[in-house]
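The numbers here are math on the coordinates, done by the rules we state, and not lab data. All values derive from a computational prediction rather than experimental measurement. Note: ideal-geometry Cβ built from the backbone for every residue, glycine included; neighbour counts use all protein chains shown.
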Amino acid sequence: MSGTIILAIVLAVIVVLGAAVLILRTGTRDRGHDLRRRFGPEYDRVAARHGDQAAAEQELAERVREHDALKLRPLAQDERERYERTWNSVQERFIEDPRGATQQADQVISGLLTAIGYPSDDREKQLELASVDHAYALGDYRQARELAQRGLNGDGFAARRETGAADGAVDSSTEALRQALLHYRVMFNDLLGHAGAERAHAGQR
């Protein structure tokens, strides 16, 4: 075999390998873009926890695979109405019992996730799989749990809110619980398929 032919073969192999690397990098970049768009703030949270983008994307891709194996189901109309009535009672209860209402809100969302078909034996796994469909609302839900914990522990934040024409002082723990309930509502409505205004960041209310 002549040197010219050998050189041509070597060059062809280099070109093929280069194209393969380019395709691999492009595919990886596209996957990362798709995952970032799908998971939004959850992508950033997982990436921050791992401290490594590749590891975060691997975890999120695994969530998608596990999620696709689930048998999720839409709620029947009577179930939806029952959950809506329950949620309305939670909001009414908040006036007299902010702590109890906030805890109940978390329980209602957990029950709703289970009813839809997300596994209930591991709460964190349940939330991880729910993030595949509800990543943006899940950001509100995680914030709700943090606020609720602060309010329940009595270390809420100082706040004021409007009462009629004047501003009135609000107990910091109660205000933390109130904000938590608003964030919980975003998740609740998202799970029921309510879109639009409720997707807006609850803190803007």
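Where in segment 61-99 are there trypsin sites (Lys or Arg not before Pro) that are in a DSSP coil and have at most 16 other Cβ atoms within 10 angstrom of their Cβ?
Loop-located and lightly packed - 71.
Considering only C-alpha atoms, what is the centroid distance from segment 105-149 to segment 37-90, in Å?
Computed from Cα coordinates, the inter-centre distance equals 7 Å.
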